[in-house]
Each structure stands twice: as C-alpha cells, then as structure tokens.
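A short write-up of the structure that comes next.
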Amino acid sequence: MKKLFCVLLSMILVMSLFAGCAGKSDSGAIKVAIVQQLDHSSLDEIRLAVEAELDRLAKEKNMTITYTEFNGRNDATILNQIGAQVVSDGYDVIIPIATMAAQCMVTAAEGKNIPIIYAAISDPVSAGLTGLSTVTGTSDALNTAFMLDMMLAVQPDIKTVGLLYSNSEINSETPIAEAKAYLDSKGIAYLEKTGNNAVEIVAAASSLVDRVDAVFTPTDNVVMASESAIAETLNAAGIPHYAGADSFVTAGAFATCGVNYTELGTYTAGMAVDILCGGAVPEYHMMDGGIITVNTETAAALGLDYAVFSQMANTVVETTTAE
C-alpha cells in the first residue's frame, strides 16, 4: 500500500511539473520576449543560443514555446517602449540581453510578476538587478586583474595604458575602477578616453595613437559595436587592444579572457524554462571564464609573441578577423 502511494505521489508530481510548464497564454504556448540591447556579434551569439536552447527544451519537455525578438538599438527610449509592449501583450517571461535592456524591462514589468531572466550582465549588483523576487540571470563578469596580467606578460615594459570605454555603459564602471587600481599598484600610467556613441568612441580611440602602449576595454557594448574601426586604427599604430569578450577579438582586437557566450545563452534559456516549470527564482549565475582568445592575424601584424598565454589558462583559442 505504501509503495502504491509513493507511485501515485510521483505521478502527481510529474503531472504537476508538466502542468506548470504548459504556458499561461491563451494559446497554451509559453510566450518569451527576447530583448536584445543592440546588434553586435557577442549579443547576437547569445540570442541565437537562447533560441536554440528554447527549441531544444520545448521538444524535450513536450512544451510549446514561442519567442519574439526585439532590438532596442542601444536606445533607452526604444527599450522602454519595448518593455511596455511586452507587458501589454502578456508575455510569460522576458529575456533581456545586456544591462540597459535588463534595467528597462525590470522597470516596465514592475509589479506584474513576470519572470525576467537576463543575459550577460557584468555587474548585476551595481545595475540594481539583485534582490528582486522575479529577476535573475547570468553574469559575464570580467576578471580585470587577469586581463592586465595578460597585458604585462606580453608587454612587460609597458609604460602607459589607454582605458577606452563608454560613459553610458554601467558594465564598464567596475572594471575600469579595478583597472585604475591595478595600474596604480604597478606604477603604470593610464589615459582615459570615453564616448557615448560610435562616432565619439572611434574618435576616442584615434586620440590614443602615439600616446599609449596598449589599450584595455571591458565588456562594453558601445565600444564593441565599433570594434572593427577601432582595431583598424590601433593595429595600424602598433597598439594592441585587450578587450572584454571574444567578439572584440574576431573584430580585430588582439586578445581577451572571458566566457563562452553560446554557453551563457544556453544556460540563460535553461534558467528561464526551469523557473516557468518550477516557479523558484534562483540567485544570478556567474559564468565560468578563463578562456583566452587571441587574434593570430593581429598578433602577427603587431609582432607579438603570445606563447606565454598557454601557461596562464587551460584553454587558448586562436582565431582570425571575421570577414
């Protein structure tokens, strides 16, 4: 009798789980809004990974999941409009990609009890995305000290470092502060150059020529969107660019150490489905980093030997500039 009771209880729990995954929209499908802050290769990679994992999980769990892509073009006004539309249209879950997108979605969904599972937030605490009952996601926090260790390993006699970032990117605030503290501790000078849009960022990069020995940029979406032009300028001047994501490197920057964005997108989608099925909202998840990516074409053009990287990380990925 006890065994029969346990079997029945197990069946009820399984049925409850799949009932919880059945979706809340009128059509019976789970409606997912994927809100990308702007176009660039890292964020595109995350979005595609999110969609692929949602498709896979829908098939595995016999669910119906529909998703709609939105793009904020790095404009808070557009993102706020998207947020209002997503809430009004009754989406069951929102997956914003990058910090500004996440902040705007949280504001739009306030008091609506809509799960928000963000992707690629470098500093969720500073962004105000922690301590919220319906908000969680994945972080791609940068190991700033390790990035600068990489720089000194290749260029031990470096005198001045350029710090290139956007004023509008909250992702950049903490790593830039960390970079300044690190460089101060080593007695290395630094020169800050910033901007708020593509034109200003490209001009800022040009202003570093003949003034610095290397440039550091964190996971800054505004800089990334202009990296091809930046890399052309810096590489022609013989200045290596160490940046916060592999998308910078495939656009022409010299090297990075960070997370795999396909894995990040996959994990984010899994969190979203788990929450819809089980209801529990966990703390945000810090993705594992430690993958060094080097652009071999840029290294050759700059005459840099990066063999030391193999002693610093278990994984060193060699790549070239994307066409």
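Go through Met312, Met286, Met105 and list them by solvent-accessible area, largest first, probe radius 1.4 Å.
Sorted by accessible area, descending: Met286, Met312, Met105.
Where does the chain land at 222 nm, in deg cm²/dmol rounded to the nearest 500, when only DSSP H runs of n ≥ 4 count, each adding -39500 (n - 2.57), divided by all residues?
Helix contribution divided over all residues of the chain: -13500 deg cm²/dmol.
Using a 1.4 Å probe on the protein heavy atoms only, what accessible surface does Glu263 show? Give it in Å² to the nearest 10.
Ignoring ligands and nucleic acids, Glu263 comes out at about 100 Å².
Using only protein heavy atoms and a 1.4 Å probe, report how much of Asp39 is accessible, in Å² to the nearest 10.
100
Quick check on the chain: of the DSSP beta bridges with both residues there, what percent are antiparallel, nearest 5%?
10
Just how many % of Cα pairs in the stretch 134-200 lie over 15 Å apart, if you round to the nearest whole percent?
Of all Cα-Cα pairs in the stretch 134-200, 59 percent lie more than 15 Å apart.
What whole-number value in cubic angstrom gives the convex hull volume per residue for the C-alpha atoms of the stretch 93-207?
Per residue, the Cα convex hull of the stretch 93-207 comes to 108 Å³.
Given that just one value was derived from the coordinates, which of (i) 17.7, 54; (ii) 21.8, 83; (iii) 23.6, 83 is Rg and Dmax of the Cα atoms in Å?
(ii)
Using θ = phi - 60° and the Karplus relation 6.51 cos²θ - 1.76 cosθ + 1.60, list the HN-Hα couplings for the stretch 247-260 in order, rounded to whole Hz, with x at every Gly or Pro.
3J(HN,Hα) across the stretch 247-260, in whole Hz: 5, 4, 5, 6, 8, x, 5, 6, 7, 8, 9, x, 8, 8.
Kirkwood hydrodynamic radius, computed over distinct alpha-carbon pairs, for the stretch 167-304: how many Å, to one decimal?
16.4
Which order do Glu318, Glu227 take by accessible area at a 1.4 Å probe, largest first?
Glu318, Glu227
Tell me, in nm to one decimal, what length is gained between Glu69 and Asp89 on full extension, where the rule is 0.36 nm per residue of separation less the Cα-Cα distance?
Answer, rounded to one decimal: 5.8 nm.
Kindly report, to the nearest 10 Å², the accessible surface of Arg56 as traced by a 1.4 Å probe over protein heavy atoms only.
It works out to around 120 Å².
Counting only protein heavy atoms and using a 1.4 Å probe, what share of the accessible area of the chain belongs to carbon plus sulfur, as a whole percent?
Answer for the chain is 52 percent, counting heavy atoms of protein chains only.
When the label point is put 7 Å from the Cα of Glu192 along its Cα-to-beta-carbon vector, which residues of the stretch 221-236 have a backbone N closer than 18 Å?
It comes to 221-223, nothing else.
If DNA, RNA and ligands are ignored and the probe is 1.4 Å, what is the ranking of Ile291, Ile30 by accessible area, most exposed first?
Largest accessible area first, the residues go Ile291, Ile30.
With a 1.4 Å probe and all protein chains left in place, how much accessible area per residue does the chain have, in Å²?
Normalised by residue count, the accessible surface of the chain is 44 Å².
The values are calculated or read from the model by the stated rules, or taken from the named source; none is laboratory data. Every value quoted in this text rests on a predicted model; they were computed, and no experiment measured them. In this analysis, Cβ positions are derived from the backbone assuming ideal geometry, glycine residues included, and neighbour counts consider all displayed protein chains. Each accessible area value is taken on the protein alone, full model and side chains, heavy atoms only, with ligands, DNA and RNA left out. Shrake-Rupley method; radii C 1.70, N 1.55, O 1.52, S 1.80 Å.
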